[in-house]
1. Scan the range 207-223 and give yes if some residue there is under 16 Å from residue 51 (Cβ atoms) and open to solvent by less than 30 Å² (accessible area, probe 1.4 Å), otherwise no.
2. Do you know which residues across the range 184-199 are free of Cβ contacts under 8 Å to residues at least 60 places away in the same chain and under 20 Å from the mean Cα position of the chain (by Cα)?
3. Take the residues of the range 1-22 that are at pLDDT 90 or above and part of a loop (DSSP other than H, G, I, E, B): which is nearest to residue 36 (Cα to Cα)?
4. Tell me which residues, restricted to the range 226-238, are closer than 23 Å to residue 274 by Cα and not acidic (Asp, Glu).
5. Can you name the condition, by its number, that residue 120 falls short on among (1) in contact with a helix residue (DSSP H, G or I) (Cβ under 8 Å, 6 or more places away or on another chain); (2) of a type outside the set (A, V, I, L, M, F, W, C); (3) open to solvent by 80 Å² or more (accessible area, probe 1.4 Å)?
6. Residue under question is residue 112, and the condition is that it be basic (Lys, Arg), more than 13 Å from ligand 3 (Cβ to nearest atom) and open to solvent by 20 Å² or more (accessible area, probe 1.4 Å); does it hold?
7. In the range 44-93, what residues are within 16 Å of ligand 2 (Cβ to nearest atom) and among the polar types (S, T, N, Q)?
8. So, of the residues in the range 164-174 that are assigned to a strand (DSSP E or B) and open to solvent by 30 Å² or more (accessible area, probe 1.4 Å), which turns out to be nearest to ligand 3 (Cβ to nearest atom)?
Amino acid sequence: MTVTPLGIPRRLMEFTVDGEPARVPEGSTILDACRAAGKDIPTLCQGDTLRPKNACRVCVVEVEGSRTLVPACSRRAEPGMEVRTDSERARHSRKIVLELLASSVDLSTTPKVAEWIKEYEAKPDRFGPDAARLNEAPKIDNELYVRDYDKCILCYKCVDACGDQWQNTFAIAVAGRGFDARIAVEHDAPLTDSACVYCGNCVEVCPTGALSPKTEFDMRAAGTWDEPRQTETATVCAYCGVGCTLTLHVQDNEVVKVTSPHDNPVTHGNLCIKGRFGYQHVQNRG
Ligand code: SF4
Ligand code: SF4
Ligand code: FES
């Protein structure tokens, strides 16, 4: 029997979003409230299974009485608050964040970013061809997932997923400071010599595709990755007695990726190496 924790009932608070009255349960963030009100606020470092990190600042909004813009993903909504999501100041700030990120990082596989660049009239090209980039080849050192740090926005989600928020393996961390900051394996060792257990939970939370399953990486390189054509089938992992819920992403009758729903009370989107990557036997039809 699946038991879904309902939590204790929370009081509703009243405040305004863009002049319209809004009500959300106590403890909600401004982002929760805005989404409930149908407002589309861009987010990159926010993760629905992780604690807010406030790393990217693309979600900033204006709050009456606050000197600075506030990150909607982490700031709790308060009774009587007056939030403006679309003020000139907030839009300008999002535009600058998008320009800085898109001029220095390959965002070609980041969902929705092209839309936001258009919406905020961001011009990443204005920094010219000499804008600093990592220009590093993708790290392909195992058969399960690829690390392409040219696409990394240093949002820290992978580090949090590998560390105390989920996996507790601590195989990766942020090394260096300022422009030299990067995601590194412990002691800068090759991933294959590290404590990594290849659960792929870092891959699951990466917002840009800097970390991707090897299948997806290879299919993108071959031009065959076609998400709109993929179907999703829910099933239960049969490897052990935990019984994690799996979502099989299938293209052309082949499993191309396995995930788990983020709202699943058992996995919260996390899996182990077997559940996430051990599906080849399913399509071994020889
Ligand atoms: S695959 Fe798992 S153990 Fe390895 S770095 Fe990612 S989260 Fe950590
Ligand atoms: S690899 Fe992905 S999850 Fe990790 S910091 Fe970079 S963008 Fe974020
Ligand atoms: S999404 Fe809010 S700070 Fe990154």
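1. Yes: one or more hits.
2. Within the range 184-199, 184, 185, 196 meet the criteria.
3. 18
4. Hits for the range 226-238 are 230, 231, 233, 234, 235, 236, 237, 238.
5. Result: residue 120 fails condition (3) only.
6. no
7. 46, 49, 54 - these are the residues of the range 44-93 that are within 16 Å of ligand 2 (Cβ to nearest atom) and among the polar types (S, T, N, Q).
8. Per the stated criteria, the residue is 174.
The values are calculated or read from the model by the stated rules, or taken from the named source; none is laboratory data. It should be emphasised that the depicted structure is a prediction, and the values quoted were computed from it without experimental measurement. Methodologically, a virtual Cβ is constructed for each residue, glycine included, from the backbone with ideal geometry; neighbour enumeration extends over all protein chains shown. For the accessible areas, the whole protein counts, side chains as well, though only heavy atoms, and no ligand, DNA or RNA atoms are used. Shrake-Rupley method; radii C 1.70, N 1.55, O 1.52, S 1.80 Å.
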